[in-house]
1. Using θ = phi - 60° and the Karplus curve 6.51 cos²θ - 1.76 cosθ + 1.60, what whole-Hz ³J(HN,Hα) does each residue of the stretch 73-78 get, with Gly and Pro shown as x?
2. List S57, S5, S38 from most exposed to least, where exposure is judged by having the fewest other Cβ atoms within 10 Å.
3. For the chain, set up a Gaussian network in which alpha carbons nearer than 10 Å are linked by springs, and say which option among A112, A26, A84 fluctuates the most.
4. Please give me, ordered by residue number, the chymotrypsin sites (Phe, Trp or Tyr not before Pro) of the stretch 77-113 that lie in loop per DSSP and have at most 11 other Cβ atoms within 10 Å.
5. Return the loop-located trypsin sites (Lys or Arg not before Pro) in the stretch 72-122 (DSSP other than H, G, I, E, B) with at most 15 other Cβ atoms within 10 Å of their own Cβ; answer none if there are none.
6. For the stretch 20-58, which trypsin sites (Lys or Arg not before Pro) are both in a DSSP coil and crowded by at most 14 other Cβ atoms within 10 Å?
7. Using alpha-carbon pairs under 8 Å, 6+ residues apart, how would you state the relative contact order of the stretch 4-117 in percent?
8. A9 to E89: FRET efficiency via 1/(1 + (r/R0)^6), r the Cβ-Cβ distance, R0 35 Å, to the nearest 0.05?
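Every number here is computed from the coordinates shown, using simple stated rules; none is lab data. Model, not experiment: these values are computed from the prediction. Every residue, glycine as well, gets a Cβ built from its backbone with ideal geometry; the counts of neighbours run over all protein chains shown.
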Amino acid sequence: MGSTSDRLAGRQRRQDRIRKKVHGTALRPRLNVFRSASNIYAQVIDDAKGVTITASSTLDKEVREGLKSKGNIDAAKKVGAAVAKKAIEKGVKDVIFDRGGYIFHGRIKALADAAREAGLNF
């Protein structure tokens, strides 16, 4: 099995490949996901202006309440719903999903599904 730096370098290469094709605009910003061992983070980014429109993570107080663990599928679902709610409040309904080089399953899929259920279109 490869070392940690090999895995991170591989994910970075995948992320760069994805980022060539996925650009957030004012009309369709990018929903970016970062997954660590203990937390999950999501941001809605307008790449044209280079600004984060809104963000949510398992470190947010409203998301953290009632969770046994911040690094599981239940936590990812809460983060997805929270970021979608914040984005809709800012007037963003359509986004482009950026999985950040991670495989689309588990926590990444749970976050995406929860964001769709909460009203985001992608």
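1. Working through the residues one at a time gives 5, 4, 5, 4, 4, 5 Hz.
2. On the way: S57 19, S5 8, S38 11.
Fewest-to-most ranking of S57, S5, S38: S5, S38, S57.
3. Of A112, A26, A84, the Gaussian network model singles out A26 as fluctuating most.
4. Details: sites: F97, Y102, F104; in loops: Y102, F104.
Filter output for the stretch 77-113: F104.
5. Details: sites: K77, K78, K85, K86, K90, K93, R99, R107, K109, R116; in loops: K90, K93, R99.
Passing sites in the stretch 72-122 are K90, K93.
6. Values: sites: K20, K21, R30, R35, K49; in loops: K49.
Those satisfying the criteria are K49.
7. Working: 199 pairs, mean separation 34.2, N = 114.
RCO, the stretch 4-117: 30 percent.
8. Details: r = 37 Å, r/R0 = 1.07.
My answer for the efficiency is 0.40.
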